[in-house]
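> Just passing along the structure, written as structure tokens.
The values are calculated or read from the model by the stated rules, or taken from the named source; none is laboratory data. Model, not experiment: these values are computed from the prediction. We place every Cβ from the backbone using ideal geometry, glycine too, and count neighbours over all the protein chains shown.
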């Protein structure tokens, strides 16, 4: 009986991983040409961020056998990006990063399809993210990481014994760099720690005393923060500062320059103004390349099982010599994000409007301007205006009726909450129980909580 001849691909190294068995493979690894072809045809990957790390990720994933990629980024290309974001050219300045990055990778690597999204991550609904097999992060923002982490964890479902269901897990691979340092981590919701479980790994942002900013500035950063935290409110009373608005950032820069000249302080530049206001961390191309390679490899391991995945946090330090370390952090079983969900007990008469008001007062949520979805249906959306108008009539209806008159169910809410005096967008999963329906009693609720 003739053996099946496996046609080699363009990547000899990829074939070695996917076409033959090994000793440290995953539980469901089934080597062969079919696996390689399925990877290219059926696996969809979302890359979040098209900056220094995101450019590397798109290239590495495309060269690792992934053919169906999408990338989302809200920024446009600036001259200061060109030293490390290798997919961009001078003539691209001012264009959306996601669109240019996707175009360049498809030009260089045949057979790859990359769909760009030039928008904020919050502008996409949950259904958009549910369409992907895996999400890979190349972000420089704690808030953005936290939001995507919450989105991925929102798909996780638990059985009656509060055990996570494997088929509802949405894997995340998160990469980050800071100068010569970087990390790569694997997040399997319900199995490994999620981003929120280990939020303490990220040091708090440096804050300056207001008295120093107002009276005795000594550095360029002091002048910038004076314009940002004090002068803006004095001049633009009631107007929210948007760090992603170029006109707002230019105003802060000009005011910081005036302040610096007044006190004889050198060093205020537009790029430094962006860095201080947006807490931008310096990036080095070689660090991006190393961390991206680790992330792409983990994405390949998760989707194919060709090797056991990272457990579960890799740190890299190239400042003095070379040092790498893998740490296995422990999941927080009481995590509000990757756990079964915040438990809320309601009367069947509670309207959607009252429910939204309760979210603002709930000690574990403190969620304002909430939008509410149930099983993919929008019960109420704060924005855009057309959706707000379409769903406004639901506010006066009982939530019990809107959820199909079931005794219990899972609700997803998005809104804003305050953390360290900063308002951030969050997504939370809630387990809603209605009193007195189908035998749901206060005693059962107490046990379930």
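> Does the range 22-33 contain at least one residue that is closer than 30 Å to residue 143 by Cα and either modelled with pLDDT of 95 or more or surrounded by fewer than 24 Cβ atoms within 10 Å (Cβ to Cβ) (or both)?
Step one: list which residues in the range 22-33 are closer than 30 Å to residue 143 by Cα, which gives none.
No, because not a single residue in the range 22-33 is closer than 30 Å to residue 143 by Cα and either modelled with pLDDT of 95 or more or surrounded by fewer than 24 Cβ atoms within 10 Å (Cβ to Cβ) (or both).
> With respect to residue 163, determine if the residue is within 20 Å of residue 410 (Cα to Cα) and surrounded by fewer than 23 Cβ atoms within 10 Å (Cβ to Cβ). Break it down into steps so the answer makes sense when it comes.
Working: within 20 Å of residue 410 (Cα to Cα): yes; surrounded by fewer than 23 Cβ atoms within 10 Å (Cβ to Cβ): yes.
Yes: the conditions hold for residue 163.
> Name every residue in the range 288-322 that is in contact with a strand residue (DSSP E or B) (Cβ under 6 Å, 6 or more places away or on another chain) and outside any helix (DSSP H, G or I), in order of residue number.
309, 310, 312, 313, 314, 315, 316, 317
> So for the range 53-63 (the condition being farther than 30 Å from residue 246 by Cβ, buried (at least 20 other Cβ atoms within 10 Å of the Cβ) and in contact with a strand residue (DSSP E or B) (Cβ under 8 Å, 6 or more places away or on another chain)), does at least one residue qualify? Lay out the reasoning, then the answer.
Step one: filter the range 53-63 for residues farther than 30 Å from residue 246 by Cβ, giving 60-63.
Now drop any that are not buried (at least 20 other Cβ atoms within 10 Å of the Cβ), which leaves 60-62.
Those left that are additionally in contact with a strand residue (DSSP E or B) (Cβ under 8 Å, 6 or more places away or on another chain): 61-62.
Yes, that holds for at least one residue.
> Does at least one position in the range 91-98 carry a residue that is assigned to a loop (DSSP other than H, G, I, E, B), out of contact with any helix residue (DSSP H, G or I) (no Cβ under 6 Å at 6 or more places or on another chain), without any contact (Cβ under 8 Å) to a residue 60 or more places away in the chain and farther than 23 Å from residue 178 by Cα? Explain how you work it out, then say what you get.
Step one: list which residues in the range 91-98 are assigned to a loop (DSSP other than H, G, I, E, B), which gives 93-95.
Remaining after also requiring out of contact with any helix residue (DSSP H, G or I) (no Cβ under 6 Å at 6 or more places or on another chain): 94-95.
After this cut, where a residue has to be without any contact (Cβ under 8 Å) to a residue 60 or more places away in the chain as well, the list is 94-95.
Filter once more, so that each one left must be farther than 23 Å from residue 178 by Cα: 94-95.
Yes, some residue in the range 91-98 is assigned to a loop (DSSP other than H, G, I, E, B), out of contact with any helix residue (DSSP H, G or I) (no Cβ under 6 Å at 6 or more places or on another chain), without any contact (Cβ under 8 Å) to a residue 60 or more places away in the chain and farther than 23 Å from residue 178 by Cα.
> Here is a further query. Closer than 30 Å to residue 364 by Cβ, within 19 Å of the chain's Cα centre (by Cα) and at pLDDT below 90 - does that describe any residue in the range 205-219?
Yes, the range 205-219 contains at least one residue that is closer than 30 Å to residue 364 by Cβ, within 19 Å of the chain's Cα centre (by Cα) and at pLDDT below 90.
> Oh, and also: Condition first: surrounded by fewer than 21 Cβ atoms within 10 Å (Cβ to Cβ) and at pLDDT 90 or above. Now tell me which residues in the range 172-189 satisfy that.
Here is the first cut: in the range 172-189, the ones surrounded by fewer than 21 Cβ atoms within 10 Å (Cβ to Cβ) are 178-181, 183.
Listed by number, the residues that qualify are 180, 181, 183.
> Looking only at the range 64-76, decide whether some residue is within 20 Å of residue 287 (Cα to Cα) and either crowded, with 21+ Cβ neighbours inside 10 Å or more than 19 Å from the chain's Cα centre (by Cα) (or both). Write out each step before concluding.
Step one: of the range 64-76, the residues within 20 Å of residue 287 (Cα to Cα) are 64.
In the following step, the residues that additionally are either crowded, with 21+ Cβ neighbours inside 10 Å or more than 19 Å from the chain's Cα centre (by Cα) (or both) were identified as 64.
Checked against the condition, which is being within 20 Å of residue 287 (Cα to Cα) and either crowded, with 21+ Cβ neighbours inside 10 Å or more than 19 Å from the chain's Cα centre (by Cα) (or both), the range 64-76 yields at least one hit.
> Moving to a separate point now. Looking at 46, 61, 87, 69, which is the one that is under 22 Å from residue 295 (Cα atoms), part of a helix (DSSP H, G or I) and in the same structural domain as residue 290 (by TED's automatic domain parsing)? Break it down stepwise before answering.
Values: 46 fails: part of a helix (DSSP H, G or I); 87 fails: part of a helix (DSSP H, G or I); 69 fails: part of a helix (DSSP H, G or I).
The unique qualifying residue is 61.
Every residue, every condition in (1) touching a strand residue (DSSP E or B) at 6+ places or on another chain (Cβ under 9 Å); (2) over 24 Å from residue 276 (Cβ atoms); (3) in the same structural domain as residue 292 (by TED's automatic domain parsing), yes or no:
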| site | (1), (2), (3) |
| --- | --- |
| 139 | yes, no, yes |
| 145 | yes, no, yes |
| 161 | no, yes, yes |
| 165 | yes, yes, yes |
| 168 | yes, yes, yes |
| 181 | yes, no, yes |
| 185 | yes, yes, yes |
| 222 | no, no, no |
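> Out of the residues in the range 191-204 meeting the condition of being at pLDDT 80 or above and surrounded by fewer than 21 Cβ atoms within 10 Å (Cβ to Cβ), tell me which one is nearest to the chain's Cα centre (by Cα).
Ranking the candidates gives 196 first.
> Applying the selection to the range 315-341, what residues are over 15 Å from residue 180 (Cβ atoms), crowded, with 16+ Cβ neighbours inside 10 Å and in contact (Cβ under 8 Å) with a residue 60 or more places away in the chain?
Residues satisfying the conditions are 331, 332, 335, 336, 337, 338, 340, 341.
> Residues in the range 109-139 that are farther than 18 Å from residue 186 by Cβ and part of a loop (DSSP other than H, G, I, E, B): how many?
Total satisfying the criteria: 9.
Listed here are the residues, each with its yes/no results for (1) touching a strand residue (DSSP E or B) at 6+ places or on another chain (Cβ under 7 Å); (2) buried (at least 16 other Cβ atoms within 10 Å of the Cβ); (3) at pLDDT 80 or above.
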{"site": "402", "(1), (2), (3)": "yes, yes, yes"}
{"site": "405", "(1), (2), (3)": "no, no, yes"}
{"site": "414", "(1), (2), (3)": "yes, yes, yes"}
{"site": "418", "(1), (2), (3)": "no, no, no"}
{"site": "421", "(1), (2), (3)": "no, no, no"}
{"site": "428", "(1), (2), (3)": "yes, yes, yes"}
{"site": "434", "(1), (2), (3)": "yes, yes, yes"}
{"site": "438", "(1), (2), (3)": "no, no, no"}
{"site": "441", "(1), (2), (3)": "no, no, no"}
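> Right, next: Any residue in the range 233-242 that is surrounded by fewer than 13 Cβ atoms within 10 Å (Cβ to Cβ) and touching a residue at least 24 places away in the same chain (Cβ under 8 Å)?
No: zero hits.
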